[in-house]
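Below is one structure, written out as structure tokens; the observations come after it.
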Amino acid sequence: MSALTNKKILLGVTGGIAAYKSAVLARRLMDEGATVRVVMTPGAQAFMQPLTFQALTGNPVHVDLLDPAAEAAMGHIELARWAHYILIAPASANTLARLAHGMASDLLSTLCLATDSPLFVAPAMNRLMWTNPATVENCAQLAARGVTFFGPGDGAQACGETGSGRMLEPEQIRDQLLSTVADKFNSPPDHQPIQDKLRSKHVLITAGPTQEAIDPVRYISNHSSGKMGFAIAEAALAMGAQVTLIAGPVALSASPQIQRVDTVSAISMLDAVMAHVDNADIFISVAAVADYRLETVVNQKIKKSHENLTLSLVRNPDILKAVAALPKRPFCVGFAAETENVEAHAQEKLQRKKLDLIAANHVAGEDNAVFGTDTNALDVYWPATAKDTSGGHISIPSANKQSVAYSLLNIIADRLALIDQKSS
Ligand code: C5P
């Protein structure tokens, strides 16, 4: 059974070329066992016919706030109450602005005001509209009120430009809705009390791989997708933290309230971390930082003129170790991706890097694939200290990365609270 089975979903469709994808999205939601009713704004009707959605969903499509016949059949308050979830895809800049300002000038915005059901939005707009400070502020306000954002993605846009603002594909929206609903709204009971555990804490996170240039067209990197680090950033935000995310080169988007700094190499990641570490209470180093970089990066593309090529590499700085060595250091959390002897290596790293906690996972072979996948399992260890003479270990069983992120942050918040308690 899916997390959406027997759920009633109000699918809001607003004006934008991505509206054609909403027809497929409606079907994908129904495939999960959901009942779907569609509400279209006037802008959406310029791109798609209500009849298309009516034929697909088997339900009448709602378009008008002031139509007496429609109101007599199912009034807008009744419709707002009917929905377990409201999903707006595509969500235009105009609709996001109306929602942010609590307007009730069309049926969709009225429904969103008249409901206490969770609201999800999949924005779609031109890249400059998406990064316009007005839109950024509107989205930050909505996210702060608990609205969940899916995307937008990056890539070619209908207007001919390239950048951030593309609506995610229907299947991606379905998958993100499934995991968010499972995590946030159907979470196991032990997930419930964590919501506010990181309020007033500043969490600094690194995520993704780094790329170390060889020449202008080539680099050394690794398979890290950044998904685990991004999931931790989103979970920390949901738990009330102020989040700064130092990202390596990844194709992922983060909620607008997360302060994101994009970096490429280990050196640039170190610089960004050091520029933001001062007010951090917790540092979670999830990034798969390349251990080595080229001793010399040449300015021109290396020609294949020799049969063999030797590259001279030098060690990269250890960002986590550098943060842990700061005189006024945050609570330091490391990750250890190991192919064997997971516990021994994790314990050794915990001591050597002087960490407060380490999260270890096994990455050997296809069965234990972690890089790029949506699931993970962690073994979390912390050291014995003078104040707390017993070290500890908790296993987080295999689950989607969002769920694992909540479990890990829950442990971190508990450890930090204990340390705060003992030092006060
Ligand atoms: O020593 P190892 O690379 O296995 O340690 C992994 C942990 O150290 C991770 O938390 C990773 O983010 C961090 N790390 C780092 N800088 C490096 C190498 C690893 O911050 N140069």
Residue selected from segment 11-61 under the condition surrounded by 20 or more Cβ atoms within 10 Å (Cβ to Cβ) and among the hydroxyl-bearing types (Ser, Thr, Tyr), by the criterion farthest from residue 99 (Cα to Cα): 57
Being at pLDDT 90 or above and out of contact with any strand residue (DSSP E or B) (no Cβ under 9 Å at 6 or more places or on another chain) narrows 243, 217, 250, 203 down to just 217
Restrict the check to segment 312-321 and report whether at least one residue is more than 15 Å from the ligand (Cβ to nearest atom) and either surrounded by 11 or more Cβ atoms within 10 Å (Cβ to Cβ) or at negative phi (or both). yes
Residues that are open to solvent by less than 30 Å² (accessible area, probe 1.4 Å), outside any loop (DSSP other than H, G, I, E, B) and out of contact with any Lys or Arg (no Cβ under 6 Å at 6 or more places or on another chain), drawn from segment 219-235: 229, 230, 232, 233, 235
Within segment 299-333, take every residue that is closer than 18 Å to residue 272 by Cβ and part of a strand (DSSP E or B) and give me the one that is nearest to the chain's Cα centre (by Cα). 333
Looking only at strands (runs of 3 or more DSSP E) that lie completely in segment 236-298, which have at least 1 residues being surrounded by fewer than 16 Cβ atoms within 10 Å (Cβ to Cβ)? 259-262, 292-294
Specify the residue that is nearest to residue 95 (Cα to Cα); the eligible residues are those in segment 142-163 that are buried (at least 18 other Cβ atoms within 10 Å of the Cβ) and either among the charged types (D, E, K, R) or over 15 Å from the mean Cα position of the chain (by Cα) (or both). 142
Under 9 Å between Cβ atoms, at least 6 apart or on separate chains: pull out the pairs that start in segment 295-317 with a residue that is farther than 29 Å from residue 271 by Cα and among the basic types (Lys, Arg) and end on any residue that is away from the ligand (no atom under 16 Å from the Cβ) and at pLDDT 95 or above. none
When residues of segment 343-364 are limited to those that are open to solvent by less than 40 Å² (accessible area, probe 1.4 Å) and farther than 23 Å from residue 322 by Cα, the one farthest from the ligand (Cβ to nearest atom): 364
Identify the single condition in (1) more than 28 Å from residue 362 (Cα to Cα); (2) at pLDDT below 95; (3) within 16 Å of the ligand (Cβ to nearest atom) that residue 306 does not satisfy, given that it satisfies every other one. (3)
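The values are calculated or read from the model by the stated rules, or taken from the named source; none is laboratory data. These figures come from a predicted structure and were not determined experimentally. Heads up, the Cβs are rebuilt from the backbone with ideal geometry, glycines too, and the neighbour counts pull from every protein chain shown. Side chains are part of the model used for accessible areas, which takes the heavy atoms of the whole protein and leaves out ligands, DNA and RNA. Shrake-Rupley method; radii C 1.70, N 1.55, O 1.52, S 1.80 Å.
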